1. Considering the convex hull of the alpha carbon atoms of the chain, report its projected area averaged over all viewing directions, in nm², one decimal.
2. Can you compute the helix-only [θ] at 222 nm over the chain? Use -39500 (n - 2.57) per DSSP H run of at least 4 residues, normalise by all residues, nearest 500 deg cm²/dmol.
3. Please return the longest stretch of the chain lacking exposed loop sites, where GluC sites (Glu not before Pro) count only if DSSP places them in a loop and at most 11 other Cβ atoms lie within 10 Å.
4. List the trypsin sites (Lys or Arg not before Pro) within segment 56-86 that DSSP assigns to loop and that have no more than 13 neighbouring Cβ atoms inside 10 Å.
5. I need the calculated FRET efficiency for the pair Ala60 and Asn27, taking r as the beta carbon distance and R₀ as 22 Å, to the nearest 0.05.
6. Starting from the 7 Å offset along Cα-to-Cβ, what nm value, one decimal, do you get for the label separation of Asp82 and Ala18?
7. Mind listing which chymotrypsin sites (Phe, Trp or Tyr not before Pro) in segment 14-118 are in a DSSP loop and have 11 or fewer other Cβ atoms within 10 Å?
Amino acid sequence: MILFNLSHHWIKIFENQAELENYIQLNSFVVFELRGEKICVTRTEKDFYAVQDKCPHNGASLSKGFCSKNEIICPLHRYSFDLDTGRAKTGGGFALKKYPIEIKSNGVYIGIKAKWWEA
């Protein structure tokens with residue numbers, strides 16, 4: 001049962017898809033701080049992904065790690081996370097918070113869930 005239908009705050013990060021593709025190279029990272037959350041945006045051969053920058057295991061910055069085979073790997077203990085699901089592939093039952101990316105005609109946006117009192 002869903003008690004609240006949480007909407008998203010959509011925040012523009014690039015003016016268009018070409019700017020996104022030029023700025024974020026394959027298997028590299030860009031960190032944005034949006035609405036008080038540090039968000040790591042990466043690009044793989046498959047797609048663009050946005051996840052929390054803080055590793056849920058021990059707090060390391062995932063943007064200081066590396067990206068390979070559609071997973072992000074923490075620089076501290078080498079925990080790896082599947083970018084499609086956010087779930088840990090190694091090291092335990094941890095999962096990353098994922099953020100949707102929307103590419104529209106007027107820009108590229110990241111969605112951050114609104115708090116229940118903002119919806």
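Each value in this text was obtained by applying a stated rule to the coordinates, not by laboratory testing. It should be emphasised that the depicted structure is a prediction, and the values quoted were computed from it without experimental measurement. A quick note on method: Cβ atoms are made from the backbone with ideal geometry, for glycine too, and the neighbour counts reach across all protein chains shown.
1. Numbers: hull surface 32.8 nm².
If I average the Cα hull's projected area over directions, I get 8.2 nm².
2. The per-residue figure over the chain is -1500 deg cm²/dmol.
3. Numbers: sites that count: Glu15, Glu45, Glu118.
The longest uninterrupted stretch comes out as 46-117.
4. Sites meeting the loop and neighbour criteria: Lys69, Arg78.
5. 0.75
6. Each label point is offset 7 Å from its Cα along the Cβ direction, giving 3.6 nm.
7. On the way: sites: Phe14, Tyr23, Phe29, Phe32, Phe48, Tyr49, Phe66, Tyr79, Phe81, Phe94, Tyr109, Trp116, Trp117; in loops: Tyr79, Phe94, Trp116, Trp117.
Passing both the DSSP loop test and the Cβ count: Trp116, Trp117.
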